[in-house]
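Just below is one structure, and these are the notes that go with it.
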Amino acid sequence: MKTLSNLNRMLWMAAPTAALVALIYVVLHLRGDQDPTAQVAFKARRVELVGQLQLDLASASEAEKSAVLAVTDEESQTLADQARAASARVEQEDRDLGKLLADGGSQGEKELLARFTDAFVEYRRIDEEL
């Protein structure tokens, strides 16, 4: 009788452990064979593009402000050209980031990029109007 009681206790302890092992196996199997190096490279490229996009957006804004405050027309034109070039780089980086996120970004990242893209289009429209 004592042996049967010990066997029941062992089964009660082994069943959750076996279920946990099975769950871990299923999760690892469903996750697929994602290469950690590729994951790190993807994240690094994404961070690089976002950083460059921020820098170019700030450069475009600063050049536009400086173009308005320039003393001569020639200086104003040069700064306006710099602003347009920086804005063009922002557009390209936005497209590049969109392609990158289409291949492996989360839905939240895609939505944030779409919101940025809409805001940037509005920014460009207002800039052209001014």
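The values are calculated or read from the model by the stated rules, or taken from the named source; none is laboratory data. Computed from a prediction, not measured in an experiment: that's the story for all the values here. Backbone-built Cβ (ideal geometry, glycine too); neighbour counts: all protein chains shown. Surface areas here come from the heavy atoms of the whole protein model, side chains and all, with no ligands, DNA or RNA. Shrake-Rupley method; radii C 1.70, N 1.55, O 1.52, S 1.80 Å.
At negative phi, among the polar types (S, T, N, Q), out of contact with any Lys or Arg (no Cβ under 6 Å at 6 or more places or on another chain) and surrounded by fewer than 15 Cβ atoms within 10 Å (Cβ to Cβ), is that true of GLN107?
Working: at negative phi: yes; among the polar types (S, T, N, Q): yes; out of contact with any Lys or Arg (no Cβ under 6 Å at 6 or more places or on another chain): yes; surrounded by fewer than 15 Cβ atoms within 10 Å (Cβ to Cβ): yes.
The answer is yes for GLN107.
Consider SER87 carefully, then state whether it is farther than 30 Å from GLY104 by Cα and either loosely packed, with under 12 Cβ neighbours inside 10 Å or touching a helix residue (DSSP H, G or I) at 6+ places or on another chain (Cβ under 8 Å) (or both).
Working: farther than 30 Å from GLY104 by Cα: no; either loosely packed, with under 12 Cβ neighbours inside 10 Å or touching a helix residue (DSSP H, G or I) at 6+ places or on another chain (Cβ under 8 Å) (or both): yes.
So SER87 does not fit the description; no.
May I ask you to verify whether ALA18 is over 33 Å from the mean Cα position of the chain (by Cα), open to solvent by less than 70 Å² (accessible area, probe 1.4 Å) and modelled with pLDDT under 90?
Working: over 33 Å from the mean Cα position of the chain (by Cα): yes; open to solvent by less than 70 Å² (accessible area, probe 1.4 Å): yes; modelled with pLDDT under 90: yes.
Here the answer is yes, as ALA18 does meet what is asked.
I'd like the full set of residues that are among the aliphatic types (A, V, I, L, M) and either without any contact (Cβ under 8 Å) to a residue 40 or more places away in the chain or part of a loop (DSSP other than H, G, I, E, B) (or both), limited to segment 97-130. Give the steps one after another, and end with the answer.
Of the residues in segment 97-130, the ones among the aliphatic types (A, V, I, L, M) are 97, 100-102, 112-114, 119, 121, 126, 130.
Hits for segment 97-130 are ALA102, LEU112, LEU113, ALA114, ALA119, VAL121, ILE126, LEU130.
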Any residue in segment 81-95 that's closer than 12 Å to VAL50 by Cα: show its pairings with residues that are of a type in the set (S, T, N, Q) at Cβ separation under 7 Å, as long as the two are six or more apart or on different chains. GLU93/GLN52; ASP94/THR117
Since VAL71 meets every condition but one in (1) open to solvent by 70 Å² or more (accessible area, probe 1.4 Å); (2) part of a helix (DSSP H, G or I), which condition does it not meet? (2)
Matching option when the condition is out of contact with any helix residue (DSSP H, G or I) (no Cβ under 8 Å at 6 or more places or on another chain) and either within 18 Å of LEU130 (Cα to Cα) or open to solvent by less than 30 Å² (accessible area, probe 1.4 Å) (or both), among LYS99, LYS65: LYS65
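Kindly evaluate LEU69 against the criterion of being over 25 Å from the mean Cα position of the chain (by Cα) and free of Cβ contacts under 8 Å to residues at least 12 places away in the same chain. I'd like the intermediate steps shown before the answer.
Working: over 25 Å from the mean Cα position of the chain (by Cα): yes; free of Cβ contacts under 8 Å to residues at least 12 places away in the same chain: yes.
In short, yes.
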